[in-house]
Amino acid sequence: MADELTLENAPTGPFGLPQTPAVRNLILMVGAALTIAIMAGVWMWSQSPDYRVLFSNFNDRDGGAIVASLQQLNIPYKYSDGGSAILVPSDQVHDARLKLAAQGLPKGGNVGFELMENQKLGISQFLEQVNFQRALEGELARSIQAVSAVQTARVHLAIPKASVFVREQQKPTASVLLNLYPSRILDQQQVSAIVHLVASSIPELSAKNVTIVDQNGNLLSDPSKQVANNNLDPSQLKYVQEYQTGVVKKIESIISPIVGAQNVRAEATADIDFSRSEQAAETYRPNTPPEAITIRSQQTNESYNKSTVASGVPGALSNQPPAPATAPLTTNATNNPAGNNTAAANGLTQKDSTTNFEVDKTIRYTQQAMGGLKRLSVAVVVNYKNETDKSGKISSRPLTDIEKNQITDLVKEAMGYNKERGDTLNVVNSPFAMPEKITAEDIPLWKQADVLHTVKEFGKYLVGALVLLYLFFGYLKPTLNKLTGKDPEQLKLEKEREQKQHEEEIAAASTEEFNEDGSVVELSDQTNQHGHKQLSTYEINLDMAKQLAASDPKIVANVIKAWVSNE
């Protein structure tokens, strides 16, 4: 047709494109596809899962193995913190960890005895020894990493080569490097446990040849520290605390039924002797009673010396008879038959007697066990007693002397009071200070973490829905309507044009045309000036009746009522 547009004479639009129907449809299709892509991106953004940390602080070898396993398991993942952490959807974290653990991941960068499973044929003895040492170091590192405070560990073993000469034999040594978790430390008992773990795993390795260093370069296995801390055994301190806690519980449990659970406080201090002593004693005592005396040995010695030389002081005194004896003399009657002076004159007799008696002897060996109680001090505070009068008013009063003495006696029995041991007890009756009521500050609703998370999730879905609706009704639907020929504006114009045409037809049909013989010309056979076929009289009357019923239904009701009444 002559009035159709061609590419040569068609007007150009933006970007120099001709404004032909084909070009317009192509642009509309591209815009619709772009809108659908944007809507799909917004939908995927709103439905993106929440990612959580699967593993962090891993080495490159473990990271590659973990990523490969996640790809095989079809589990989505991404990196964070500069690649030091692997994230997976929160609903798959535990499942992924269990599946990776079944594969032995992460291994921690240590190679264990699985290294011996891949031995090559024809390997030398030196390489076998090196691989065995590497495997042993890896197994020890894995065992040390099982300690809760240890994040990673490296073990270096120095195992000398065996020699047939005794003088040339050297003892093995070991060095352990520990990387502890942040704000975590190892006490001396844990360090000693690691030392003995390594020493017990290597033949002929003594504990003093094991060195342990942390990531800060601090020497943990210092022998001087071990000697200095021998008197601070954690087990002993724990025993003292448990003993004191047990005494306090006994006191509070027996006093609480009298004064109330919140009206008594007790503290105990125990002096425990952890020294171990052994004593050996040997005691002698006389035999009692006297008849229990037992002779062990007896010895008697008697000697006689005869002399012919005159003795005595020359003169008249020596010729006088001797004076009578004042004490009996033990002499032998056979050797001295003439009397006392005869023995002195003729010779000297001497008799010695020695007797040994048994004496009681007691030997006692005493070994005192450690952990004995040397002294116990207890302090008890009892609150005033509350009483309610007839009016219901609550008042407090101090305990009477009788009540206080009863509590003191009960406490003594509960604690095992021993005056000879030096135990002390102090019971004080005093009103308790009421604690101040601390009102927790109410966190605003918009600051609560759960509410913020919920609002964030809801806002993400709401924004996604609004964007989708806007793109659909603002761009996609109008574009589709233009492509399918259902443009709302064009449909509105067509509807107005049809309505106007209908009104013109009704107006034209209202004027009847007659033939020359006076008959009415059928409108169905007539055509209007626009070339359209006119409506019949029945259809025109029906439309007029509908318009009349819509504009004034009361008149139509009266007409129908009249028709019914006149039959």
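Please treat every number below as a calculation from the coordinates, not as lab data. Because the structure is a prediction, the values reported are computed rather than measured. Heads up, the Cβs are rebuilt from the backbone with ideal geometry, glycines too, and the neighbour counts pull from every protein chain shown.
Assorted remarks:
- Separation of alpha-carbon centers, region 170-209 and region 26-76, rounded to whole Å: 46
- Simple label model, 7 Å out from Cα along Cβ direction - SER148 to TYR243, nm: 2.7
- Kirkwood hydrodynamic radius over Cα pairs of region 93-215, then Stokes diffusion coefficient at 20 °C and 1.002 mPa s, in µm²/s: 131
- Exceeding the 30 Å Cα-Cα cut-off - candidates LYS238/LYS385; LYS161/LYS208; LYS492/LYS561; LYS249/LYS385; LYS99/LYS456: LYS238/LYS385; LYS492/LYS561; LYS99/LYS456
- ³J(HN,Hα), Karplus 6.51/-1.76/1.60, whole Hz, each residue of region 141-153, x for Gly, Pro: 5, 5, 5, 5, 5, 5, 5, 4, 7, 9, 8, 9, 8
- Near THR152, the amide H atoms lying under 5 Å from its own belong to ASN179; only residues 5 or more places off or on other chains count, and H is placed 1.01 Å from N.
- In this rough spin-label picture, where each label sits 7 Å from Cα along the Cβ direction, the ARG184-MET370 distance is 3.0 nm.
- Packing around the peptides 234-240, 276-282, 119-125, taken as the average count of other Cβ atoms within 10 Å per residue, puts them in this order, highest first: 234-240, 276-282, 119-125.
- Maximal additional length on extending the ARG52-ILE560 stretch stands at 175.1 nm, based on 0.36 nm per residue less the C-alpha distance.
- Here the gap between ASP450 and GLN279, fully extended at 0.36 nm per residue and compared with their Cα-Cα distance, gives a gain of 54.6 nm.
- A full extension of the chain between ASP401 and TYR417 corresponds to an added length of 3.7 nm, given 0.36 nm per residue minus the alpha carbon distance.
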